[in-house]
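Written below as structure tokens is the structure these notes are about.
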């Protein structure tokens with residue numbers, strides 16, 4: 001009896017203890033939690049929905065608040081199993097077009113969270129086999145599109161900034177430059193393996209334009225073959241000769257009487273104004289190519305297209321494939337590519353092998369340039385090794401690298417050339433022509449020569465850092481150093497202006513023998529300088545750009561750019577400020593300073609073709625970007 | 001006397017065993033985070049889907065971006081191709097190993113970027129479409145139980161193991177009866193709430209469970225929100241060539 005009674009009491013006691021145990025355990029949990037080194041929440045548990053006025057409906061007051069065991073039945077009814085698993089949901093994962101572009105209606109959260117459709121099944125049958133990949137590669141018909149852009153710029157330039165002649169309201173040159181341009185493309189993909197693409201570029205040509213004063217060519221016709229690719233000469237209505245760059249901008253106006261604008265001894269006439277000349281338009285086939293894929297392994301592209309070859313931003317010595325070099329002052333500008341055949345072979349998980357054949361007109365079959373490249377991702381970087389061979393040019397080996405180190409992207413290029421494509425100059429042993437120059441403009445007589453059997457090295461390294469601060473500021477800093485092994489270590493004073501003079505006066509070459517009877521057997525004219533031979537004159541360069549945008553969350557942006565030749569310490573500094581308004585307009589103002597000595601590279605490149613010593617220049621540009629955009 | 005002995009034994013046993021029991025019931029959040037990752041990751045198959053990303057900003061027109069995602073989690077590869085709007089069609093992101101590139105068909109350049117970069121002008125990041133990696137990227141700092149709507153949840157505070165992740169601190173609302181995340185708050189390194197993410201709909205794709213609809217609320221800018229909707233999900237095998245620069249160039253403009 002006592003045993004039975006004792007058993008009953010034990011069961012009763014056990015039942016009481018078991019019943020109390022959860023309470024006890026809960027206390028233990030609390031105690032355990034308190035014992036933990038629990039950090040304070042990052043912030044007070046501020047429910048995002050409560051922070052948003054759109055969610056202020058009292059029905060949804062703090063619906064996601066951590067209740068710590070509390071449960072509001074009324075609220076829970078609103079969220080009755082909103083996340084319940086519904087494995088047999090019909091139509092889930094169907095056609096993407098079935099999902100409209102409607103945003104979740106936050107005023108209708110009730111139905112959003114009250115339904116039972118939460119975890120749906122993706123019906124595999126709804127997605128045709130292979131369609132995700134192949135659907136992207138075939139289009140019906142031809143797709144057309146493009147982008148239009150326009151701007152009006154007012155430019156004011158001074159080339160006498162540091163002289164007594166400088167007058168802030170008397171610029172040496174001023175111009176108004178309207179510009180309208182567009183890119184138009186077509187894209188046709190009749191088959192999965194085949195595609196055709198073309199892009200036309202329409203740009204304004206400048207028939208009014210900017211004259212750069214301070215030029216005084218004293219003899220000899222302009223050797224147009226020495227001008228950069230795309231540059232032209234043209235006689236204007238006044239009989240003066242204008243040299244235009246590839247965009248049609250007048251770089252130099254050479255008066256018919258041999259003196260440059262602004263160099264006349266006569267008193268300057270008051271500017272009577274001008275009606276100007278309506279700008280013209282030019283149309284360029286910027287890209288035109290066809291793609292073909294063989295068995296998903298070999299990717300062919302033939303035609304004219306931009307080639308991405310190097311990793312550099314301001315300088316890319318490795319890139320000898322595109323038709324124009326990177327412009328350090330406009331490094332993101334589209335660059336025209338050559339006509340080429342590209343074969344690409346992806347291998348492994350990260351590898352790509354390329355083979356380019358660059359094809360030029362009026363060449364022999366053996367004149368085709370060959371450029372292979374292999375690139376491979378290694379860790380957080382990508383390593384590339386490439387080569388370039390064209391039988392008339394210096395062969396080169398190229399190493400490329402880009403990587404991310406923390407939040408900083410780094411990139412670099414190394415180039416090793418056997419020989420150089422550059423035509424070099426050196427003072428001639430015979431300076432009698434300079435001594436006898438009646439106008440005393442020829443300071444140094446130069447010989448030109450080429451180097452075909454020596455190694456040259458070029459290398460560049462840079463970084464890019466982008467950072468955003470919680471929608472109050474965006475920062476971009478890009479810097480790059482360039483070692484130019486083809487640059488001049490010779491510090492002969494005036495060598496570069498003398499070379500620039502020789503560029504326009506080829507007959508002054510110290511090695512030229514004009515008299516056929518005096519020419520020795522086997523005589524050949526010395527190599528002629530080209531414009532590219534008087535650029536990148538130094539051995540050390542650096543570029544840096546710093547850009548602040550979305551300042552305080554506005555459309556205001558500030559940019560500063562600097563480019564310096566560290567061999568002669570001349571350079572360019574360009575601060576700019578811009579502001580966007582009315583969605584598609586923006587206004588910007590920029591200044592452009594140059595600095596350096598009178599015979600240095602960046603002091604005043606425009607004056608290099610004259611016999612005048614260069615003075616630092618200063619220019620201001622105010623520009624309004626007109627409505628434009630893609631279509 | 002016997003009663004006292006039994007009672008003492010019982011109390012002693014409960015005193016000793018209860019903490020063990022409680023400890024045994026303590027959720028293993030490392031395991032839970034791994035389970036969350038496993039449910040959302042495709043280690044044995046490829047994954048592809050279309051994401052429609054709707055962004056809303058006060059005073060601005062609603063922006064709609066559509067992107068096709070290809071994922072091969074086995075090799076840490078993904079490719080995101082922008083399908084809409086037309087003006088950005090052909091732009092894309094390619095991840096191969098630890099490298100992420102952005103391709104711009106206008107310039108034909110591949111530029112390095114990060115998985116933290118926002119997709120177009122939205123609050124969604126590349127990482128939102130990539131595989132889940134809570135267990136490897138974060139450590140659990142604290143947790144508590146709570147409710148979210150009608151669900152019992154664990155509210156778990158995570159701290160990043162390194163600076164390679166998009167957010168230094170994350171708070172997750174994890175459903176207790178089904179290991180899926182219902183809500184997420186992302187904080188900056190100084191503890192500022194950056195965004196809140198809601199996961200109101202999931203889709204089972206094969207044996208995995210992927211968020212089908214995601215609402216991202218920008219906590220820094222009132223009224224800015226982004227909604228992602230996933231469609232056309234499939235685990236069909238994707239050709240190797242898709243995860244290459246060649247393919248991205250091929251499908252772009």
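Bear in mind that the values in this text are calculations on the coordinates, not laboratory data. Since the structure is predicted, the reported quantities are computational estimates derived from the model, not experimental observations. In this analysis, Cβ positions are derived from the backbone assuming ideal geometry, glycine residues included, and neighbour counts consider all displayed protein chains.
Across q = 0.15, 0.23, 0.25 Å⁻¹, the range A:499-595 modelled as identical point scatterers on its alpha-carbon atoms has Debye log10 I(q)/I(0) values of -0.79, -1.12, -1.20, in the order of the q list. The listed peptides A:372-378, A:453-459, A:382-388, A:411-417, ordered by packing as a protection proxy, come out as A:411-417, A:382-388, A:372-378, A:453-459 (highest mean of other Cβ atoms within 10 Å first).
Shielding by partners for B:225-238, please: the mean number of other protein chain Cβ atoms within 10 Å of each residue's Cβ. The partial results should precede the final answer.
Details: counts 6, 1, 4, 0, 7, 4, 11, 14, 12, 10, 3, 8, 2, 3.
Whole-number average of other-chain Cβ neighbours for B:225-238 is 6.
Take the Kirkwood radius over Cα pairs of the range A:303-412, plug it into Stokes-Einstein at 20 °C and 1.002 mPa s, and you get 143 µm²/s for translational diffusion.
By per-residue mean of other Cβ atoms within 10 Å, what is the highest-first order of A:511-519, B:228-236, A:580-588? Mind dumping the intermediate values first?
Working: A:511-519: 10.1, B:228-236: 23.1, A:580-588: 13.2.
The packing order, highest mean first, is B:228-236, A:580-588, A:511-519.
Inverting the pair-averaged 1/r between distinct Cα atoms of chain B gives 20.1 Å as its Kirkwood hydrodynamic radius. Distance from the Cα centroid of the range B:207-249 to that of the range A:272-291 is 42 Å (rounded to whole angstrom).
Pair-distance distribution of the range B:163-253: all C-alpha pairs, bin width 5 Å, starting at 0; shares per bin in whole percent are 3, 11, 15, 15, 16, 15, 14, 9, 2, 0.
Which residues in the range B:146-173 have a backbone N closer than 19 Å to a point placed 7 Å from the Cα of residue B:220 along the Cα-to-Cβ line? The answer is B:160, B:163-171. One decimal place: the segment residue A:370-residue A:528 gains 54.3 nm when fully extended, by the rule 0.36 nm per residue minus the C-alpha distance. One equal scatterer on each Cα of the range A:469-540, no solvent, Debye formula: the resulting log10 I(q)/I(0) at q = 0.24, 0.28 Å⁻¹ is -1.11, -1.25. Short-range pairs are left out: with C-alpha atoms under 8 Å and at least six residues apart, the relative contact order of the range B:148-229 is 18 percent. Legend: ranking of residues A:617, A:324 from fewest to most surrounding C-beta atoms inside 10 Å; resulting order A:324, A:617.
Projected onto planes of every orientation and averaged, the convex hull of the alpha-carbon atoms in the range B:22-63 covers 6.2 nm². The angle between the Cα long axis of helix B:2-25 and the main principal axis of chain B comes to about 10°, on a 0 to 90 degree scale.
Measuring nothing but alpha carbons in the range B:34-112 and taking Rh as the Kirkwood radius, the Rg to Rh ratio lands at 1.05. The smallest convex shape that holds all Cα atoms of the range A:357-491, its convex hull, gives 234 Å³ per residue. Neighbouring Cβ atoms from other chains, within 10 Å of the Cβ of residues in B:213-222, number 4 on average. In this simple spin-label approximation, residue A:512 and residue A:186 carry label points 7 Å from Cα along the Cα→Cβ vector, and these lie 4.8 nm apart. Determine the distance separating the Cα centre of the range B:96-166 from the Cα centre of the range A:137-160; give it in Å without decimals. About 36 Å separates the Cα centre of the range B:96-166 from the one of the range A:137-160. Per-residue Cβ neighbour counts within 10 Å put B:51, B:154, A:418, A:313 in the sequence A:418, B:154, A:313, B:51, beginning with the fewest. In terms of packing, defined here as the mean over residues of other Cβ atoms within 10 angstrom, the peptides A:158-169, A:497-508 line up highest first as A:497-508, A:158-169. Across the range A:555-630, the fraction of Cα-Cα pairs farther apart than 17 Å, rounded to a whole number, is 55%. Put in line by how crowded their Cβ is, counting other Cβ atoms within 10 Å and starting with the fewest, A:626, A:496 read A:626, A:496.
Taking R0 as 45 Å, what FRET efficiency do you get between residue B:177 and residue B:241 from their Cβ-Cβ distance, rounded to the nearest 0.05?
Values: r = 42 Å, r/R0 = 0.94.
Calculated transfer efficiency: 0.60.
Inter-chain Cβ neighbour count for B:163-171, averaged per residue, equals 2 (cutoff 10 Å, partner chain atoms only).
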